[in-house]
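The numbers here are math on the coordinates, done by the rules we state, and not lab data. Since this is a predicted model, take the numbers as computed values, not measurements. Please note: Cβ atoms are built from the backbone with ideal geometry, for glycine as well, and neighbour counts cover all protein chains shown.
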Amino acid sequence: MLKKITLILVATVLPLLAMAQTVKLGYINSQEVMMMMPEVNDVEKQLADFNEKNMKYLQDMEKEIQDKYIKYEQEKAMMSDAIRKVQEEELMSLQQRLQTTYQTLQQESQKKQAELIQPLQEKLRTAIETVSKKQGLTMVYDMVSGAILYKSDAAIDITPAVKKELGIL
């Protein structure tokens, strides 16, 4: 009887132990690694140059509006109502154009940043995949985002089993 119980126990526990030994999880702080990549300095410089040009353009627009406003204030008393109204509308239009340009340049800056960082992210992803395969990892999690950065073919999708357990299937 004891021999039979031992045999049953070994038959059920041994496969579980074998599976447990094949599952290896890893984690990484992708942000830390990304910030240490030498290419980041070049990306930051390119982005700073891009933003500096945009800032100069915005400053020139602001100066133009300010100059026109000063001129308007100086000449306002001598203007007819019709000319004053046209000048005020022009100033308001310039101010709206400045705000629209600011928003557009902000979006372009975000787009440029994504464009410049994408090759670094791809390089990091490839390195993570290479190291994961070399170390026989099943999955690698990012400590910063909580995302799964690597999943081997040995990973098991338990979605169907959970659906069945919940009676959804």
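Tabulated results
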{"item": "Members of the stretch 121-163 found to be surrounded by 11 or more Cβ atoms within 10 Å (Cβ to Cβ), over 19 Å from the mean Cα position of the chain (by Cα) and in a helix (DSSP H, G or I), listed by number", "result": "Glu129, Thr130, Val131, Ser132, Lys133, Ala161, Val162, Lys163"}
{"item": "Unmet criterion (only one of (1) of a type outside the set (Lys, Arg); (2) loosely packed, with under 13 Cβ neighbours inside 10 Å; (3) on the phi < 0 side of the Ramachandran plot; (4) within 18 Å of the chain's Cα centre (by Cα)) for Glu108", "result": "(2)"}
{"item": "Members of the stretch 132-169 found to be out of contact with any strand residue (DSSP E or B) (no Cβ under 6 Å at 6 or more places or on another chain), touching a residue at least 60 places away in the same chain (Cβ under 8 Å) and hydrophobic (A, V, I, L, M, F, W, C), listed by number", "result": "Val144, Ala154"}
{"item": "Where a residue in the stretch 49-76 is free of Cβ contacts under 8 Å to residues at least 12 places away in the same chain and its partner, wherever it lies, is surrounded by 12 or more Cβ atoms within 10 Å (Cβ to Cβ), with Cβ under 8 Å and at least six apart", "result": "Lys76/Arg84; Lys76/Gln87"}
